Amino acid sequence: MTKLEPTFNSEILCPVCEKKIKVTKVRSKFVKLLKQDDDFCPYYETINPVFYEAWVCNYCGYAAHSTVFKNVTQSGRKAVLEKITQNWTSREFTGERDYKQALEAFKIVLYNLQVREAPFSEFAKICLRIAWVYRYMNNTEEEKRFLKYSYEYYKKVYTRESSKNSDLDEFTIMYIIGVLAKRLDLTSDAIQWFSRLISLASDPTERERIKPIILENAREQIYQLRTEMKEKES
Ligand SMILES: [Zn+2]
(Lines give C-alpha, C1' and ligand atoms only; values in the text may rest on other atoms or scores of the structure.)
Protein backbone atom coordinates (compact mmCIF):
# COMPACT_ATOMS: atom_id res chain seq x y z
CA MET A 1 0.00 0.00 0.00
CA THR A 2 1.34 3.44 -0.87
CA LYS A 3 1.56 6.02 1.90
CA LEU A 4 -1.18 8.66 1.76
CA GLU A 5 0.34 12.10 1.14
CA PRO A 6 -1.06 15.14 3.01
CA THR A 7 -1.62 17.04 -0.25
CA PHE A 8 -3.06 16.13 -3.63
CA ASN A 9 -3.50 17.89 -6.95
CA SER A 10 -6.88 18.65 -8.35
CA GLU A 11 -7.65 19.70 -11.91
CA ILE A 12 -9.71 22.85 -12.50
CA LEU A 13 -10.39 25.24 -15.35
CA CYS A 14 -8.70 28.64 -15.22
CA PRO A 15 -11.50 31.22 -15.65
CA VAL A 16 -9.11 33.64 -17.39
CA CYS A 17 -7.17 31.61 -20.01
CA GLU A 18 -9.62 28.68 -19.91
CA LYS A 19 -6.84 26.10 -19.73
CA LYS A 20 -6.96 23.08 -17.45
CA ILE A 21 -4.67 23.70 -14.48
CA LYS A 22 -3.67 21.85 -11.35
CA VAL A 23 -4.04 23.20 -7.85
CA THR A 24 -2.80 21.60 -4.66
CA LYS A 25 -5.24 20.88 -1.84
CA VAL A 26 -4.74 19.48 1.65
CA ARG A 27 -6.46 16.24 2.66
CA SER A 28 -8.81 17.04 5.51
CA LYS A 29 -7.65 14.07 7.59
CA PHE A 30 -4.23 15.76 7.89
CA VAL A 31 -5.68 19.07 9.10
CA LYS A 32 -5.37 19.24 12.88
CA LEU A 33 -5.99 22.67 14.38
CA LEU A 34 -4.06 23.27 17.60
CA LYS A 35 -5.05 26.86 18.43
CA GLN A 36 -5.94 30.25 16.96
CA ASP A 37 -4.77 33.77 17.76
CA ASP A 38 -7.36 36.47 18.46
CA ASP A 39 -7.26 37.53 14.78
CA PHE A 40 -8.05 33.90 13.85
CA CYS A 41 -4.49 33.09 12.75
CA PRO A 42 -4.49 29.29 12.97
CA TYR A 43 -1.78 26.89 14.14
CA TYR A 44 -1.78 23.29 13.00
CA GLU A 45 -0.15 20.14 14.25
CA THR A 46 1.46 19.32 10.91
CA ILE A 47 0.47 20.70 7.53
CA ASN A 48 -0.98 24.25 7.38
CA PRO A 49 -3.86 24.57 4.87
CA VAL A 50 -3.50 28.40 4.87
CA PHE A 51 -0.40 27.91 2.68
CA TYR A 52 -2.60 26.43 -0.06
CA GLU A 53 -5.34 29.08 -0.10
CA ALA A 54 -3.73 31.07 -2.93
CA TRP A 55 -4.35 29.46 -6.31
CA VAL A 56 -2.23 30.54 -9.27
CA CYS A 57 -2.65 29.65 -12.94
CA ASN A 58 0.82 28.74 -14.21
CA TYR A 59 -0.18 29.60 -17.80
CA CYS A 60 -1.60 33.13 -17.53
CA GLY A 61 -0.66 34.34 -14.02
CA TYR A 62 -4.23 34.73 -12.85
CA ALA A 63 -4.37 34.18 -9.09
CA ALA A 64 -7.03 34.40 -6.40
CA HIS A 65 -8.06 33.01 -3.04
CA SER A 66 -9.34 29.44 -3.56
CA THR A 67 -12.85 30.36 -2.38
CA VAL A 68 -13.32 33.03 -5.07
CA PHE A 69 -11.08 31.66 -7.83
CA LYS A 70 -13.97 31.12 -10.25
CA ASN A 71 -15.53 34.54 -9.60
CA VAL A 72 -13.45 36.76 -11.87
CA THR A 73 -15.42 39.55 -13.60
CA GLN A 74 -15.22 40.31 -17.34
CA SER A 75 -13.25 43.49 -16.70
CA GLY A 76 -11.02 41.66 -14.22
CA ARG A 77 -10.31 38.94 -16.78
CA LYS A 78 -9.44 41.52 -19.41
CA ALA A 79 -7.11 43.37 -17.01
CA VAL A 80 -5.26 40.14 -16.11
CA LEU A 81 -4.77 39.19 -19.78
CA GLU A 82 -3.51 42.68 -20.63
CA LYS A 83 -1.40 43.49 -17.60
CA ILE A 84 -0.26 40.15 -16.17
CA THR A 85 -0.30 37.45 -18.86
CA GLN A 86 1.82 39.59 -21.22
CA ASN A 87 4.78 39.53 -18.82
CA TRP A 88 4.13 36.20 -17.17
CA THR A 89 6.81 33.51 -17.08
CA SER A 90 5.24 30.12 -16.57
CA ARG A 91 6.22 28.38 -13.35
CA GLU A 92 4.95 25.61 -11.14
CA PHE A 93 2.84 26.28 -8.05
CA THR A 94 1.73 22.75 -7.20
CA GLY A 95 3.13 20.51 -4.49
CA GLU A 96 3.91 21.15 -0.84
CA ARG A 97 4.58 24.78 0.03
CA ASP A 98 6.96 26.25 2.55
CA TYR A 99 6.65 29.78 4.02
CA LYS A 100 8.44 31.31 1.06
CA GLN A 101 6.29 29.62 -1.56
CA ALA A 102 3.11 30.43 0.35
CA LEU A 103 4.16 34.10 0.53
CA GLU A 104 5.01 34.18 -3.16
CA ALA A 105 1.59 32.78 -4.10
CA PHE A 106 -0.25 35.24 -1.81
CA LYS A 107 1.73 38.16 -3.21
CA ILE A 108 0.80 37.16 -6.76
CA VAL A 109 -2.83 37.15 -5.61
CA LEU A 110 -2.34 40.61 -4.09
CA TYR A 111 -0.92 41.90 -7.38
CA ASN A 112 -3.87 40.35 -9.24
CA LEU A 113 -6.28 42.13 -6.88
CA GLN A 114 -4.63 45.46 -7.68
CA VAL A 115 -4.75 44.84 -11.43
CA ARG A 116 -8.37 43.67 -11.25
CA GLU A 117 -9.46 46.46 -8.88
CA ALA A 118 -11.00 43.78 -6.69
CA PRO A 119 -13.29 44.40 -3.69
CA PHE A 120 -11.64 45.66 -0.48
CA SER A 121 -12.76 42.49 1.32
CA GLU A 122 -10.44 40.42 -0.88
CA PHE A 123 -7.50 42.74 -0.24
CA ALA A 124 -8.19 42.68 3.51
CA LYS A 125 -8.29 38.90 3.60
CA ILE A 126 -5.12 38.36 1.55
CA CYS A 127 -3.13 40.99 3.51
CA LEU A 128 -4.18 39.28 6.73
CA ARG A 129 -3.00 35.89 5.37
CA ILE A 130 0.35 37.44 4.40
CA ALA A 131 0.69 38.93 7.90
CA TRP A 132 0.04 35.48 9.40
CA VAL A 133 2.74 33.84 7.28
CA TYR A 134 5.20 36.52 8.46
CA ARG A 135 4.06 35.83 12.03
CA TYR A 136 4.84 32.11 11.57
CA MET A 137 8.28 33.22 10.32
CA ASN A 138 8.76 35.57 13.32
CA ASN A 139 9.21 38.52 10.96
CA THR A 140 7.44 41.10 13.13
CA GLU A 141 8.24 44.09 10.97
CA GLU A 142 6.64 42.65 7.80
CA GLU A 143 3.82 41.15 9.84
CA LYS A 144 2.90 44.61 11.17
CA ARG A 145 3.17 46.16 7.72
CA PHE A 146 0.58 43.73 6.35
CA LEU A 147 -1.60 43.89 9.48
CA LYS A 148 -1.77 47.63 8.89
CA TYR A 149 -2.86 47.14 5.27
CA SER A 150 -5.45 44.60 6.36
CA TYR A 151 -6.70 46.97 9.08
CA GLU A 152 -7.12 49.82 6.57
CA TYR A 153 -8.91 47.54 4.08
CA TYR A 154 -11.26 46.08 6.69
CA LYS A 155 -12.21 49.62 7.73
CA LYS A 156 -13.06 50.33 4.08
CA VAL A 157 -15.04 47.09 3.88
CA TYR A 158 -17.00 48.15 6.96
CA THR A 159 -17.80 51.66 5.80
CA ARG A 160 -18.08 51.24 2.03
CA GLU A 161 -18.81 47.66 1.07
CA SER A 162 -21.82 45.54 1.65
CA SER A 163 -20.93 42.55 3.83
CA LYS A 164 -22.51 40.40 1.10
CA ASN A 165 -19.19 40.85 -0.66
CA SER A 166 -17.33 39.32 2.23
CA ASP A 167 -17.44 35.87 3.75
CA LEU A 168 -17.53 37.59 7.15
CA ASP A 169 -20.55 39.28 8.70
CA GLU A 170 -20.33 42.97 9.68
CA PHE A 171 -19.93 42.16 13.40
CA THR A 172 -17.03 39.80 12.81
CA ILE A 173 -15.46 42.51 10.64
CA MET A 174 -15.83 45.02 13.51
CA TYR A 175 -14.23 42.53 15.86
CA ILE A 176 -11.29 41.92 13.50
CA ILE A 177 -10.77 45.67 13.05
CA GLY A 178 -10.62 45.98 16.85
CA VAL A 179 -8.11 43.14 17.15
CA LEU A 180 -5.93 44.52 14.36
CA ALA A 181 -5.99 47.99 15.97
CA LYS A 182 -4.92 46.40 19.25
CA ARG A 183 -2.10 44.49 17.55
CA LEU A 184 -0.96 47.76 15.92
CA ASP A 185 -0.94 49.47 19.36
CA LEU A 186 -3.84 51.73 18.37
CA THR A 187 -5.42 51.12 21.76
CA SER A 188 -8.10 53.82 21.77
CA ASP A 189 -9.23 52.80 18.25
CA ALA A 190 -9.38 49.19 19.38
CA ILE A 191 -11.52 50.11 22.40
CA GLN A 192 -13.80 52.15 20.16
CA TRP A 193 -14.44 49.25 17.76
CA PHE A 194 -15.07 46.74 20.54
CA SER A 195 -17.35 49.21 22.37
CA ARG A 196 -19.32 49.87 19.20
CA LEU A 197 -19.84 46.13 18.74
CA ILE A 198 -20.91 45.65 22.34
CA SER A 199 -23.32 48.60 22.24
CA LEU A 200 -24.96 47.18 19.09
CA ALA A 201 -25.61 44.02 21.08
CA SER A 202 -27.78 45.98 23.52
CA ASP A 203 -30.42 46.05 20.78
CA PRO A 204 -32.12 42.62 20.98
CA THR A 205 -32.73 42.33 17.20
CA GLU A 206 -29.08 43.13 16.45
CA ARG A 207 -27.91 40.86 19.20
CA GLU A 208 -29.53 37.86 17.55
CA ARG A 209 -27.33 38.42 14.51
CA ILE A 210 -24.04 38.58 16.44
CA LYS A 211 -22.19 35.31 17.01
CA PRO A 212 -22.00 34.77 20.79
CA ILE A 213 -18.28 33.93 20.61
CA ILE A 214 -17.55 37.26 18.86
CA LEU A 215 -19.42 39.20 21.54
CA GLU A 216 -17.72 37.29 24.32
CA ASN A 217 -14.28 37.85 22.76
CA ALA A 218 -14.97 41.58 22.28
CA ARG A 219 -15.90 41.90 25.98
CA GLU A 220 -12.76 40.03 26.98
CA GLN A 221 -10.59 42.23 24.71
CA ILE A 222 -12.03 45.46 26.07
CA TYR A 223 -11.57 44.29 29.64
CA GLN A 224 -7.91 43.45 28.96
CA LEU A 225 -7.24 46.73 27.16
CA ARG A 226 -8.81 48.81 29.96
CA THR A 227 -6.84 46.89 32.59
CA GLU A 228 -3.62 47.48 30.66
CA MET A 229 -4.43 51.19 30.33
CA LYS A 230 -5.07 51.50 34.07
CA GLU A 231 -1.79 49.74 34.82
CA LYS A 232 0.07 52.17 32.56
CA GLU A 233 -1.58 55.17 34.20
CA SER A 234 -0.75 54.11 37.76
ZN1 LIG B 1 -4.97 30.90 -16.69
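The values are calculated or read from the model by the stated rules, or taken from the named source; none is laboratory data. Remember, predicted model here, so these are calculated numbers, not experimental data. Neighbour counts run over all protein chains shown; Cβ positions are idealised from the backbone, glycine included.
Which ranges mark the helices (runs of 4 or more DSSP H) fully within region 133-234 that have 3 or more residues being more than 27 Å from Tyr43 (Cβ to Cβ)? Talk me through it step by step, then tell me what you get.
Working: elements: 140-160, 170-183, 187-200, 204-207, 212-233.
Fully inside region 133-234 and qualifying: 140-160, 187-200, 204-207, 212-233.
The set of residues in region 201-214 that are surrounded by fewer than 18 Cβ atoms within 10 Å (Cβ to Cβ), without any contact (Cβ under 8 Å) to a residue 40 or more places away in the chain and not polar (S, T, N, Q) comprises Asp203, Pro204, Glu206, Arg207, Glu208, Pro212, Ile213. Considering region 25-58, and only residues there that are assigned to a strand (DSSP E or B) and within 16 Å of the ligand (Cβ to nearest atom), the residue that is nearest to the chain's Cα centre (by Cα) turns out to be Ala54. Kindly evaluate Asn71 against the criterion of being within 16 Å of the ligand (Cβ to nearest atom), in a loop (DSSP other than H, G, I, E, B) and either among the small types (Gly, Ala, Ser) or over 25 Å from Val157 (Cβ atoms) (or both). No. Quick one: how many residues across region 99-132 are over 13 Å from the mean Cα position of the chain (by Cα), assigned to a helix (DSSP H, G or I) and of a type in the set (Asp, Glu)? The qualifying residues number 1.
Does Arg91 satisfy the criteria of being within 16 Å of the ligand (Cβ to nearest atom) and either surrounded by fewer than 16 Cβ atoms within 10 Å (Cβ to Cβ) or among the basic types (Lys, Arg) (or both)? Before you say what the answer is, go through the steps one by one.
Numbers: within 16 Å of the ligand (Cβ to nearest atom): yes; either surrounded by fewer than 16 Cβ atoms within 10 Å (Cβ to Cβ) or among the basic types (Lys, Arg) (or both): yes.
Spelling it out, Arg91 is indeed within 16 Å of the ligand (Cβ to nearest atom) and either surrounded by fewer than 16 Cβ atoms within 10 Å (Cβ to Cβ) or among the basic types (Lys, Arg) (or both).
Taken together, the residues in region 121-157 that are polar (S, T, N, Q) and buried (at least 17 other Cβ atoms within 10 Å of the Cβ) amount to 2.
Which residue out of Arg209, Arg183 is farther than 25 Å from Ala131 by Cβ and among the basic types (Lys, Arg)?
Answer to the selection: Arg209.
Scanning region 27-75 for residues that are of a type in the set (Ser, Thr, Tyr) and closer than 18 Å to Ala131 by Cβ yields Tyr43, Tyr44, Tyr52.
Filter region 1-24 for residues that are away from the ligand (no atom under 11 Å from the Cβ) and surrounded by 10 or more Cβ atoms within 10 Å (Cβ to Cβ) and give the result.
Restricting attention to region 1-24, the residues satisfying the condition of being away from the ligand (no atom under 11 Å from the Cβ) are 1-11, 22-24.
Those that are away from the ligand (no atom under 11 Å from the Cβ) and surrounded by 10 or more Cβ atoms within 10 Å (Cβ to Cβ): Glu5, Pro6, Thr7, Phe8, Asn9, Ser10, Lys22, Val23, Thr24.
Counting only residues that are basic (Lys, Arg) and free of Cβ contacts under 8 Å to residues at least 24 places away in the same chain, which one in region 1-20 is farthest from Asn48 (Cα to Cα)? Checking each candidate, the answer is Lys20. Within region 25-42, the set of residues being surrounded by fewer than 15 Cβ atoms within 10 Å (Cβ to Cβ) and among the aromatic types (Phe, Trp, Tyr) comprises just one member, Phe40. Residues Arg219, Arg160: which one is modelled with pLDDT of 95 or more and surrounded by fewer than 15 Cβ atoms within 10 Å (Cβ to Cβ)? Selected residue: Arg219, the only one of Arg219, Arg160 that is modelled with pLDDT of 95 or more and surrounded by fewer than 15 Cβ atoms within 10 Å (Cβ to Cβ).
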